[in-house]
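Down below is the structure, laid out as structure tokens.
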Amino acid sequence: MFLFGGSGKEVSSSEEPQQQRQQQQQQRLQRQTSPLRCGQTQQTAEEQKSQAEKEAHSKALLLMNAEQRGFLSYEEHEYHRHLNELDTALSAAVPQAGQPYHTHDLSWKSSGTPVRYLFKLPVPVDTAGTHVTYRFASDEFDISFAVFFLGVEEDAKMEIVLPAARVNSHQEPVSGDITVHRPGTVILLWDNTYSWFATKALSYSVHLRYPTGPTAERERGSRARAIVAAAEKDIQKAEEKKRVVQEEAQTLTSEVAQLEQQLALLQTTLSDKKHELSTLHEDALMLHECVHSRRTHLLPLLLRALPASVLLHLASFFSSNDQIQTTNKLFLQLFIQSRPGYQRPPSLSVSASSSLGSSSSPFSSLPPSSKAGRTGSLGGE
């Protein structure tokens, strides 16, 4: 027996193997459940990644819709392009190891260069904020001039800086200044393809002036501030539009609530009216049957309301298959038998069943005076 001090509880040495077995079972259970937990964790990570992709796609669609509706002054890809250009300008402003600032500018000059069709001068630029200045003149005739820019990106497309136009460079020199905001190539293009016979003599002077430290900093700061101002303008515009939209949403929410109440009331009224209409249709059908039933009662009742002499005269015109004859056969037979001087034949039965079942005419047993009355007039009787 061992006594652990402080607890006052005695623990038998035989309990130690049992505790060890419990610990081993817990470890085995943990090893068995750890792959499941790992799979669940992996599945959860994939679900989170998929959810994040869906949210990013939804946000991109919202921004695209906002750009199409004019709520944003620049697109998302333009924002990333501005960031890259500003980072490039910042890198150029800070000297790297072994790469000092540009200490001199570059220039291209030529005099009397013949231009029969096209003449292209590429000017590579590796520093943002660089200025490209040009000045050219032609002898005797005008020439077409344009400026393009091609970035260093893999999917870069040719951008038009100055559209092509014919200039009177033979009258006075043409000059200009271009500020390049990102690395790339400025392409100066002189075009003489419109002229069939005259070859132009071109004299040009192009200078590439790199920005100095303070100039580059001012250029970069100016561009960054312009983009910040555009972003702040977009925020202000979106906030104002958001307030208007929220007010309109509140108004429409109350209107929708009212319309829903009216719709619920109209649905209840419509249900009641449908029930009333169904009841009216049933009543109309019932009344139609009542009218039809009573109309079938009219003729027999009208016949029975006639005087006997008139009824006998009318009966002389009945055919054997006439509905009036068949429905009132029993009445006529009883009426004829009740006339004075009537001789009842032995074969005639007065019962309703034999009268209705007989196929012979009830007028065959009339006395001679009655038979003669069949061909006479009503007043004759």
### Query
Amide H to amide H under 5 Å from VAL123: which residues, 5+ apart in sequence or cross-chain, H placed 1.01 Å off N in plane?
VAL186, ILE187, LEU188
### Query
With each pseudo-label sitting 7 Å past Cα toward Cβ, what's the LEU106-GLU140 distance in nm, one decimal?
3.4
### Query
Which value in nm describes the separation of the simple spin-label points at GLN22 and THR253, placed 7 Å from the Cα toward the beta carbon?
5.7
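Read-outs throughout are calculated quantities, based only on the coordinates presented, and are distinct from any laboratory measurement. Here the structure is a predicted model, which means the values were calculated and not measured. For neighbour counting, all protein chains shown are included, and Cβ atoms are generated from backbone atoms with ideal geometry for every residue, glycine included.
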